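Notes to accompany the following structure.
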Amino acid sequence: MSDHHSVGRLSIRRLVRNWISLAGALLVVSSIFAFLLLLALDVLSQHGNPYMGIVAYVVTPGFLFLGIALVILGVWLQYRQERRVSPGAPPITWSIDLKRPRDRKILGFFFSASVLFLLLTAIGSYQTFQYTESVQFCGQVCHVPMEPQHVSYLRSPHARVDCVECHVGSGAAAYVKTKINGMRQLYHLAMNDFPRPITMNSTTLRPARETCEHCHWPQKFSGGLDKTFHHYLSDEKNTPFSVRLLLQVGGGDPRRPEQGIHWHTDATHKVEYSYADDQQQVIPWVRVTDAKGKITEFKDSDFKGDLKKLSVHTMDCIDCHNRPSHNLLPPNEAVDRAMAEGLIDSSIPSVKANVVAALTGTYTNREEALKKIEATLRANYPNEPKVAAVIAETKSIYNANFFPEMKADWRVYPNNIGHKIWNGCFRCHDGKHKSSDGKAMKATDCNSCHLILAQGGNADMLKLNAKGYDFVHIDAPYAEFSCNDCHTGGAQKQ
Ligand code: HEC
Ligand code: HEC
Ligand code: HEC
Ligand code: HEC
Ligand code: HEC
Ligand code: HEC
C-alpha cells in the first residue's frame, strides 16, 4: 500500500482527479459526441455538404485536442502540487464525499453543467450543419469569389433552390469529391489565390445530370415553348425589332414518335462528343449510339487537329442549360429587357446605343465603373430631364451583371442555349458536321428547332404565322451559321 504514499509512483488515476482534468474530459466526450452527430447528419442528408467537412473533420477534432490538453494540464498541476509536499507527509487526497454538502453541491453543479454543455453542443452542431447548407453560407461567406454566381442566382428561376441541390451529387463518390473540393476551396479562399474569374475547368463544381432530374422529370413532354425576344436597334430612334419563336422542345419520352430539342437526353440513346477547348466551345466530333447499338459518327470537316487527343464527354442537360442559375446577361440583352419593361425610356434618342456603350467601357473596379457610367451618360444627355432614371437603371444593370474584381461578366461565361452570341447549338448543328457517308447532321435548317411566329416592329408582332416565317434580319445581310461573328453581346459589329 506504500505506493499510494510515494510521489514517484503516483497512480495516474489519482492524478486525473482534479477539476481541470475533469473539464478536459468533458470536452473530449462532447467533441466526440459532436463529431458523431455531425457525421450522422451529413451522411443522412441527401447531399454531402462541401463545407461540412471542415466543421466535422477540423473543428471538432480541434476541441478534442483541447480537451486532451486540459486533461494533461490538470494531471501536471496535480503532480507538481503533490511533489511539493514532503515525501513523508500524507498525500494530498482529492476525494468526493457525498456526505459533505459542499461536495454534493459542486458535483450537482458539475453534473448539470455537463448535461447542459452536451445539449448546447448538440444544438450548436445542428445549427452549424444547417448554416453550411444554406445559400447564405455558400454565397456570402465566400463573398468575393462567388459574388457573380450569388447575385445572378438570386434573380434566376432557381432562386429558391439551395446551391447544394445542384452542386452536390448523390452517392459515396460524389460525397468524398465534394468534401475534398470544399476543403480545397476554403484553402484557396484563405490564401486568396483563387482564380479570377472562377470557371468550371478549374473547379469541379459542374453539377451532374441526376441533380437536375431530382426536380425536372426528363420524360416530361414540353411540346412547343413560345418565347419572345424583344430588341431595340442601335439607331437614333431605338427602332424596336422583336422575334417571337415557337421552340420545338418536345420531350424526352422515347415512346412518343414526335421528338424535338429534348431528344438529346432521352433514355434510348447516347450522344457523346469531344471538345478542343476548356469551355467546350469547339466540338469537332460527335457520336450517337442508338437503342440497337448502332453507331453514327459526325465529324467537322474543317477541324485540323488530332481527334484522338481530345476528351470525350456524354451529353447531358448542362451542355445546353449551362447557365440555369448564373446567367450574367450580355449588355445588349440586358438593355433590351430594361427597355421592353419600360425601365429605360425608349423615346430618348440613341439611348440603346449609349447605354450599351457606357456599360462596356473598360473599368478596373466597381466604384470607378459607376462613376464613369454616370459621367458618360450625363455628357450624352446634358439637357435631358429623364437622364437620372437612365443612369440609375444602367447602374443597376451593371451591378447585376458585371464583377470587375472577379473579372467576371458575360464574356467569360458562354451560354450554350441558343446560337446568336455564342455558337451554342451551332457547335454541332452548323451543317459542317457530317457522317462518314457524307450526310449532314439533322436539324440544320432554320425551322428544325423553332418556328418564327412573328418578327419585326410593334405592328408586325401582331401578325402571327402558325407555319413560321422565313427569318428577316432587319435590313442587314447575315450569314446563316455564324451569327456570333457579328453579335458579341455588346455593340454589334457591322
Ligand atoms: C439550378 C442549379 C444550380 C444552382 C441552384 C446553383 N448553381 Fe452554381 N452552377 C450551376 C451550373 C449548371 C454551373 C455551370 C456549369 C458549366 O458551366 O459547365 C454552375 C457554376 C457555378 C460556379 C462556377 C463559375 C461559373 O459561373 O460557371 C460557381 C462558383 C457556382 N456555380 C456557385 C454557386 C453558388 C454559390 C450557388 C448558390 C448561391 C449556386 N452555384 C447555385 C448550377 C447551379
Ligand atoms: C430543387 C429543385 C430543382 C433543381 C435541382 C433544378 N431545378 Fe430547374 N427549376 C426548378 C424550379 C422550381 C423552376 C422554376 C419553375 C417555374 O418558374 O415555373 C425551375 C426552372 C428551370 C428551367 C426553366 C427556366 C425558365 O426560364 O423558366 C430550366 C431550363 C431549368 N430549371 C433547368 C435546370 C437544370 C439544367 C438543372 C440542373 C443543373 C436544374 N434545373 C435543377 C427546380 C429545380
Ligand atoms: C440540346 C440542348 C438541350 C438539352 C440537352 C436539354 N435541354 Fe432543356 N431545353 C432546351 C431548350 C432550347 C429549351 C427551350 C427554352 C429556351 O430556349 O430557353 C429547353 C427547355 C427546358 C425547360 C423548360 C421547359 C418548360 O416546359 O417550361 C426545362 C425545365 C428543361 N429544358 C430542363 C432540361 C433538363 C432537366 C435536361 C436534362 C435531362 C434538359 N433540359 C436537356 C435545350 C436542351
Ligand atoms: C454535342 C453536339 C450537339 C449540340 C451542342 C446540340 N445538338 Fe442537337 N443533335 C445532335 C445530334 C448528334 C443529333 C442527331 C443528328 C442526326 O441524327 O442526324 C441532334 C439532333 C437534334 C434535333 C433533332 C432531334 C429529333 O427529333 O430527331 C434537334 C431539334 C436538335 N438537335 C436541337 C438542338 C438544339 C436546339 C441545340 C442547342 C440548344 C442542340 N441541338 C445542340 C448533337 C448536338
Ligand atoms: C439546332 C437548333 C437551331 C437551329 C438549326 C436554328 N436555331 Fe435559332 N435558336 C435556337 C434556340 C434554341 C434559340 C433560343 C435561344 C434562347 O432561348 O435564348 C434560338 C433563337 C433564335 C433567334 C432569337 C434570338 C434573339 O436573341 O432574338 C433567332 C432570330 C433565330 N434563332 C434565328 C435562326 C435562324 C435564322 C436560323 C437558321 C439560319 C436558326 N435560328 C437556326 C435553335 C436553333
Ligand atoms: C454580318 C454581321 C451579322 C451577322 C452574321 C448576323 N447579324 Fe444580326 N445584326 C447585325 C447588325 C449590324 C444588327 C443591327 C444591330 C443594331 O442596330 O443594334 C443586327 C441585328 C439583329 C437583331 C435585332 C437587334 C438585336 O440587337 O438583337 C437580331 C434578332 C439578329 N440580328 C439576329 C441574328 C441572327 C439570329 C443571326 C444568325 C442567324 C444574325 N443576326 C447574324 C449583324 C449581323
Exercise for the section: Tell me, please, whether a residue that is modelled with pLDDT of 95 or more, farther than 20 Å from Lys442 by Cα, charged (D, E, K, R) and part of a loop (DSSP other than H, G, I, E, B) can be found in segment 237-253. Expected result: yes
Exercise for the section: Exactly one condition in (1) touching a helix residue (DSSP H, G or I) at 6+ places or on another chain (Cβ under 8 Å); (2) away from ligand 2 (no atom under 16 Å from the Cβ); (3) outside any strand (DSSP E or B) is not met by Asn416; state its number. Expected result: (2)
Exercise for the section: Tell me, yes or no, whether segment 480-489 has at least one residue that is away from ligand 5 (no atom under 14 Å from the Cβ) and more than 28 Å from Phe298 (Cα to Cα). Expected result: no
Handout entry: Residue list for segment 330-345, filter: assigned to a loop (DSSP other than H, G, I, E, B) and closer than 20 Å to Gly489 by Cβ
Key = Pro330, Glu341, Leu343, Ile344
Exercise for the section: Search segment 432-446 for residues being in a loop (DSSP other than H, G, I, E, B) and surrounded by 15 or more Cβ atoms within 10 Å (Cβ to Cβ), and hand back the single one that is farthest from ligand 4 (Cβ to nearest atom). Expected result: Lys432
Practice task
With the condition kept exactly as written, say whether any residue in segment 300-321 is surrounded by fewer than 19 Cβ atoms within 10 Å (Cβ to Cβ), over 30 Å from Arg160 (Cβ atoms), touching a residue at least 60 places away in the same chain (Cβ under 8 Å) and not basic (Lys, Arg).
Solution key: yes
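Residues are listed down the side, and each one gets a yes or a no for (1) touching a Phe, Trp or Tyr at 6+ places or on another chain (Cβ under 6 Å); (2) within 16 Å of ligand 2 (Cβ to nearest atom); (3) under 20 Å from Arg411 (Cα atoms):
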{"position": "Cys317", "(1), (2), (3)": "no, yes, no"}
{"position": "Cys320", "(1), (2), (3)": "no, yes, yes"}
{"position": "Leu328", "(1), (2), (3)": "yes, yes, yes"}
{"position": "Met339", "(1), (2), (3)": "yes, no, no"}
{"position": "Ile344", "(1), (2), (3)": "no, no, no"}
{"position": "Thr362", "(1), (2), (3)": "no, no, yes"}
{"position": "Glu384", "(1), (2), (3)": "no, no, no"}
Problem - Flag if Ile417 is free of Cβ contacts under 8 Å to residues at least 60 places away in the same chain and out of contact with any strand residue (DSSP E or B) (no Cβ under 6 Å at 6 or more places or on another chain) - result: no
Exercise for the section: Those residues that are closer than 13 Å to Ser301 by Cα, of a type in the set (D, E, K, R) and free of Cβ contacts under 8 Å to residues at least 40 places away in the same chain, I need them from segment 420-453; list them, please. Expected result: Asp437, Lys439
Fill in the blank from the handout: Residue pairs qualifying under the 9 Å Cβ cut-off, at least six apart or on distinct chains, with the first in segment 454-479 being in the same structural domain as Thr239 (by TED's automatic domain parsing) and the second being of a type in the set (Gly, Ala, Ser) and away from ligand 6 (no atom under 11 Å from the Cβ), are Asp460/Ala454; Met461/Ala454; Leu462/Ala454; Lys463/Ala454; Leu464/Ala454; Asn465/Ala454; Tyr469/Ala454
Exercise for the section: Could you check, for segment 84-94, whether at least one of its residues is at pLDDT below 85 and in a helix (DSSP H, G or I)? Expected result: yes
Practice task
Inspect all residues belonging to segment 341-350 and state whether any of them is assigned by TED's automatic domain parsing to the domain that holds Ser448 and either in contact with a Lys or Arg (Cβ under 8 Å, 6 or more places away or on another chain) or more than 23 Å from Pro197 (Cβ to Cβ) (or both).
Solution key: no
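The values are calculated or read from the model by the stated rules, or taken from the named source; none is laboratory data. All figures in this text were calculated on a predicted structure; none of them were measured in a lab. Using ideal geometry, Cβ is built from the backbone for each residue, glycine included, and neighbour counts are taken over all protein chains shown.
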